[in-house]
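Accompanying notes for the structure given below.
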Amino acid sequence: MTPYALIYTAVLLGLFVLAGGSYGGFYSVGKLWTNAAFIRTGIACYLVAILLALAICLFTPLAALWKIFIVLSCLIYAAIPPVTWRYLAKLHRTPEESK
Amino acid sequence: MYRSQKLAVRYFVAAVALFGVMIIAGLLSALYYLHPSLLFDVFNFNMAKIFHIDTLVIWLLMGFMGAVYWFLPQELGREVEGIWLAEILFYVFCAAVAVVSVVFIFVQYGGSNEFSLWFINQGRKYVEAPRWAAVGIVVVVLTFVYNVVATCIKARRMTGILWVLVLDLIPLTLLYLDAFPALTNMSTDLYWWWWLVHMWVEGTWEVLIGCIMAWALMDVMGTSRRIVETWLYIEVMLVLGTGILGLGHHYFWIGTPQYWLSIGGFFSALEPLPLLGMVVHAIYDAGAHHMKTNNRPAFYWILAEAFGNFIGAGMFGFMMTLPQINLFSHGTQWTVSHGHFAFWGAYGCGVIAILYIAKQKISGVNFLDGRAWKWGFGLLNFGLIGMVGGLLIAGIAQAFYERAIGGSTLMAFMAGQENPWFVSGMYARMGFGLIFAAGYVVLVYDLLSAGKHAPKSAVKTQAP
């Protein structure tokens, strides 16, 4: 790994998680306020996360297994906010509502 | 108020005082980077750093213990068993901290012998307290465990949160025994020492703050027990699942087997996933209760905890946890940046939220709000973000110039320390550190004065 590769790899990894987190945040706020603009912003953040994952795979000197890990993480990020949201909604339903 | 809650208040006061000492020692430590000959041979950098880190550990630990003493009688509807012993040991704990501080200031270090180990400094990072004091901490923690377990037994009642708490107290206590050095091989010693540091911070403390936050959510937002307990189980499973073997991300440059580096990198890289779930949960819970709360400062500090934990531990951690990066970033200011943000997000914000919960009950007001807490919240978080930004710049410069280009030689270290990026980062850390300190002063002022003029009757719940 060259000194420059060290820096841009680390920055890409950090931004990747930040984009994933922003997706989760905007998606949740959008669902909370039933605001499509927030949900769309969340999806845009996720698209940025995909681009960052792609950049990590194409331009960084990480070993192949780590790149696969990044791709899988990117896929899992897509699922976490909606799955968590659905689960929380189910959890918050009272037993009467569930019946 | 229960006697246990009065004891909790004493723990909170001690925790806030030590939080202040931590800040002063941190500012002093930051000054050494700008003026390396400061207090040379009078009070060297290493002592300021010991104070900064040890008080961090102790103020958080006291905050956690205070929180448990606060919520436990509420949870079980009875006084804590053996509270008289806990009251005595609180003063013993404080006296021990004071004596160790005096020794650290005036004696500082001794020869390489048993006397130094027992009475001056154990010589182990983060757990430097001399052995007599370390024994004392074990006694205090054992009493704390006895208080919790005996109260549950006497009450003949266990809740989900209490089960998690009681099970967590076992490793919390046992791991501290690892603070007593017995090994002379440096690699072996560091290998086990990390079990204490990592498993406490990324294992048992995570679970402990999870239990405390579960109580806090029920108190501040009125979240149902069924929900917080179910979520607590999931979070504990995910955090421990990713956190325990993340241990390997510390095993750089100390002679541990190479396979640990990949194991540590893999599991710690998974850590942002449950933290993302926590962010979604925080937003959901805030929304499910229509942002309604009767304690705004506590509410906002709980939210800050979820976001701070994700960015500090998740994003800043992921940036540097893969072995190819960690190899260079390890032990630089980059790590310090991550450590500051992660501790603040995961624990600092949570303990401050509990302080406000207790404050509301002590003041007897139904609705806690005001202006000062907003200033404290803003200054502390703005100062912290600025500090970690400065440290990040300094750390990246260090990894780049000193490690990657310079090859970690002594000359490269010196060149790295004089690099303008590094120096600028250190100035930024100092400046933002002062803002953080100002936030602390406002926080203390608010904790002392909040609710004094608020009406003490008429239940009132407002949306922020």
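The values are calculated or read from the model by the stated rules, or taken from the named source; none is laboratory data. Values in this document were obtained by computation on a predicted structure and should not be read as measured data. Glycine gets a Cβ as well: all are built from the backbone with ideal geometry, and neighbour counts include every protein chain shown. These accessible areas exclude ligands, DNA and RNA; they are computed on the full protein's heavy atoms, side chains included. Shrake-Rupley method; radii C 1.70, N 1.55, O 1.52, S 1.80 Å.
Tabulated data
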{"quantity": "Extension gain from B:VAL138 to B:TRP253, taking 0.36 nm per residue of separation minus the Cα-Cα distance", "calculated": "38.3 nm"}
{"quantity": "Rounded to whole Å, sorted largest first: equivalent-ellipsoid semi-axes of region A:1-50, Cα gyration tensor", "calculated": "30, 8, 5"}
{"quantity": "FRET efficiency, 1/(1 + (r/R0)^6) with R0 22 Å, evaluated for B:PHE382 and A:ILE76 via beta carbons", "calculated": "0.10"}
{"quantity": "Within straight-line cross-link reach of B:LYS359, aspartates and glutamates at Cα separation under 15 Å, skipping those fewer than 8 residues along the same chain", "calculated": "B:ASP219, B:ASP369, B:ASP446"}
{"quantity": "Heavy-atom accessible surface that A and B bury in contact, both chains counted, 1.4 Å, Å² to 100", "calculated": "3500 Å²"}
{"quantity": "Mean-position separation - Cα centroids, region B:314-355 and region B:375-450, in angstrom", "calculated": "13 Å"}
{"quantity": "Structure-based [θ]222 nm, chain B - -39500 (n - 2.57) summed over DSSP H runs of at least 4, per residue, nearest 500", "calculated": "-24000 deg cm²/dmol"}
{"quantity": "Loop-located chymotrypsin sites (Phe, Trp or Tyr not before Pro) in region B:1-96, at most 11 other Cβ atoms within 10 Å (DSSP)", "calculated": "B:PHE40"}
{"quantity": "Cross-link table B:LYS125/B:LYS374; A:LYS67/B:LYS125; A:LYS31/B:LYS374; A:LYS90/B:LYS374; B:LYS49/B:LYS452; B:LYS6/B:LYS125, entries beyond 31 Å C-alpha to C-alpha", "calculated": "B:LYS125/B:LYS374; A:LYS67/B:LYS125; A:LYS90/B:LYS374; B:LYS49/B:LYS452; B:LYS6/B:LYS125"}
{"quantity": "Cα long-axis angle, helix B:205-221 against chain B (0 to 90 degrees, to the nearest 10)", "calculated": "30 degrees"}
{"quantity": "Dipole moment magnitude, nearest 20 debye, region B:44-150 about Cα centre, only Lys, Arg, Asp, Glu C-beta charged", "calculated": "340 debye"}
{"quantity": "Where N is the number of residues in region B:250-357, Cα Rg divided by 2.2 N^0.38 Å", "calculated": "1.27"}
{"quantity": "Lys, Arg +1 and Asp, Glu -1 on Cβ, resulting dipole of the protein assembly as shown about Cα centre, debye, nearest 20", "calculated": "1520 debye"}
{"quantity": "Per-pair calculated FRET efficiency, R0 = 35 Å: B:PHE106 and B:ALA182 via Cβ, rounded to 0.05", "calculated": "0.80"}
{"quantity": "Region B:158-316 - Debye-derived log10 I(q)/I(0), Cα point model, q = 0.18 Å⁻¹", "calculated": "-1.10"}
{"quantity": "Principal axis dimensions, largest first and in whole angstrom, of region B:1-157 by Cα", "calculated": "59, 33, 19"}
{"quantity": "Cβ charges +1 (Lys, Arg) and -1 (Asp, Glu), total dipole of region B:1-86, debye", "calculated": "160 debye"}
{"quantity": "Interchain or long-range residues, amide H under 5 Å from B:ASN295's placed H", "calculated": "B:LEU368"}
{"quantity": "Tail beyond 23 Å, pair distance distribution of chain A (Cα, percent)", "calculated": "38 percent"}
{"quantity": "Heavy-atom accessible surface of region B:1-157: percent carbon and sulfur, 1.4 Å", "calculated": "69 percent"}
{"quantity": "Region B:160-248: GluC sites (Glu not before Pro) in DSSP coil with no more than 10 other Cβ atoms inside 10 Å", "calculated": "none"}
{"quantity": "Chain B - Rg (one decimal) and Dmax (whole number), Cα, Å", "calculated": "21.9, 68"}
{"quantity": "Where chymotrypsin sites (Phe, Trp or Tyr not before Pro) fall in DSSP loop in region B:246-333, at most 16 other Cβ within 10 Å", "calculated": "B:TRP253"}
{"quantity": "B:MET1-B:ILE170 FRET efficiency (beta carbon distance; Förster radius 25 Å; 0.05 resolution)", "calculated": "0.25"}
{"quantity": "For region A:1-76 and region B:81-108, distance of Cα centres in Å", "calculated": "47 Å"}
{"quantity": "Over the protein assembly as shown, volume per residue of the alpha carbon convex hull, in Å³", "calculated": "154 Å³"}
